[in-house]
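Below: one structure, written as structure tokens.
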Ligand SMILES: [Zn+2]
């Protein structure tokens, strides 16, 4: 009598389970790389931002100052030292940090102009402008 493998019927199930596990493992690895890449870019920005902010006694007066945005309205921007507010990138729809560059554009006896340009910063797709504030008074 032919000896039947009692687990033969389970081979398909076993293979499917192993394949699923392998896919999860690959995706987790991909996600880890993506997060690491994202953190690296965020840290670069923190570094640049930190340098510029610490060197400027009067942010935006002589050269652009960069910040993460915590809140913004049509007149004011509240900044943060780390990622606070996020919005979806228009290209990939991933949530990414909202950042601002802030600078005085005109300084004259007739009036000053301060400008805050607010962007979504996507590690893959770069800066997407989402709002512009111009004011004769300080915005930040
Ligand atoms: Zn994107």
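The values are calculated or read from the model by the stated rules, or taken from the named source; none is laboratory data. No experiment lies behind these values; they were computed from the predicted model shown. Heads up, the Cβs are rebuilt from the backbone with ideal geometry, glycines too, and the neighbour counts pull from every protein chain shown.
Would you mention how many residues in the range 123-140 are in a strand (DSSP E or B), more than 12 Å from the chain's Cα centre (by Cα) and either more than 16 Å from the ligand (Cβ to nearest atom) or surrounded by 14 or more Cβ atoms within 10 Å (Cβ to Cβ) (or both)?
6
For the range 92-122, name all the residues that are within 11 Å of the ligand (Cβ to nearest atom) and either touching a strand residue (DSSP E or B) at 6+ places or on another chain (Cβ under 7 Å) or in a strand (DSSP E or B) (or both).
92, 94, 95, 96, 120, 121, 122
Can you tell which of 34, 9, 53 is modelled with pLDDT under 90, surrounded by 11 or more Cβ atoms within 10 Å (Cβ to Cβ) and part of a helix (DSSP H, G or I)?
Checking each option against the conditions leaves just 53.
When you look at residue 42, is it within 21 Å of residue 122 (Cβ to Cβ) and modelled with pLDDT under 75, yes or no?
yes
In the range 71-91, how many residues are away from the ligand (no atom under 16 Å from the Cβ) and over 12 Å from the mean Cα position of the chain (by Cα)?
11
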